[in-house]
1. Once the piece of chain linking Glu34 and Arg116 is laid out straight, how much longer is it, given 0.36 nm per residue of separation minus the C-alpha distance between them?
2. List the pairs from Lys53/Lys88; Lys49/Lys79; Lys45/Lys79 whose alpha-carbon separation is above 20 Å, in the order I gave them.
3. How far apart, in nm, are the 7 Å Cα→Cβ label points at Phe91 and Asp58?
4. Taking the full set of protein chains and a 1.4 angstrom probe, give the accessible area of Lys53 in square angstrom, rounded to the nearest 10.
5. On full extension of the chain, what length is gained from Leu173 through Leu100, given 0.36 nm per residue of separation minus the C-alpha to C-alpha distance?
6. Per-residue counts of other Cβ atoms within 10 Å, averaged by peptide: what ranking do you get for 56-64, 30-38, highest first?
7. Would you kindly state how much longer the chain becomes between Ile161 and Glu196 on full extension, computed as 0.36 nm times their sequence separation minus their alpha carbon distance, in nm to one decimal?
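The values are calculated or read from the model by the stated rules, or taken from the named source; none is laboratory data. Keep in mind that this is a model prediction, so the values were computed, not measured. Glycine gets a Cβ as well: all are built from the backbone with ideal geometry, and neighbour counts include every protein chain shown. Ligands, DNA and RNA are stripped out before the accessible areas are found, and what is left, the full protein with its side chains, is counted by its heavy atoms. Shrake-Rupley method; radii C 1.70, N 1.55, O 1.52, S 1.80 Å.
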Amino acid sequence: MESHYFLLRCFLLFASAASSLSHPSLLGVHPLDEKYYSSEIIKCKDGSKSFSKDRLNDNFCDCPDGTDEPGTSACSAGKFYCRNLGSKPQFIFSSHVNDLFCDCCDGSDENDGHIRCPNTCVMGGNAEIGNYNSKESQQASFAGKVTKDGVKLEDSVHNLISLRLAIILQVVLVAFLVFLWHFGCRTRSKRKRTIELKEI
């Protein structure tokens, strides 16, 4: 049952990734609003103006309410939708898009290539390891050095320690399973010898 649930989640993850790749201009748009953005002429949600589809996410604010720039930081009043697959979706202010801080746990808010955000979304909830979701905690703990791709060395060390612990636990588990298998083989061979001796 658990493997079916895992496969379903993987399928949803790949399906969502495929749908986001098929609509690259719909970055930062809530899935329920995708139909709103599907026409060639789109009205600003406040009704003030209209704009053509090619001006969607063009990094120029045409609508005062930010309707035309959900995936950029061009409009300060706009909202960016973080899909956060495997975790809790959320809206952030568009001004937080491409600001060199990872606000979405899936890293989708940093899409211009200047920084690579690790995907800290965990199946069933946000990962709070390192507080990637909190801009204030990132700024406060910026005392450590940063690598070329934007990952803090402190976080890398923390991840390596966690990885080492996971490997140690896996080795202990494998050793335990080998012990059980060996013990089972010995017990079976003793029973077999006992049966053979009784037959003689």
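1. This chain segment gains 26.9 nm when fully extended.
2. From Lys53/Lys88; Lys49/Lys79; Lys45/Lys79, over 20 Å: Lys53/Lys88.
3. A separation of 2.5 nm, rounded to one decimal place.
4. In the full protein context, Lys53 sits at about 70 Å².
5. 22.2 nm
6. Answer by packing, highest mean first, reads 56-64, 30-38.
7. 7.3 nm
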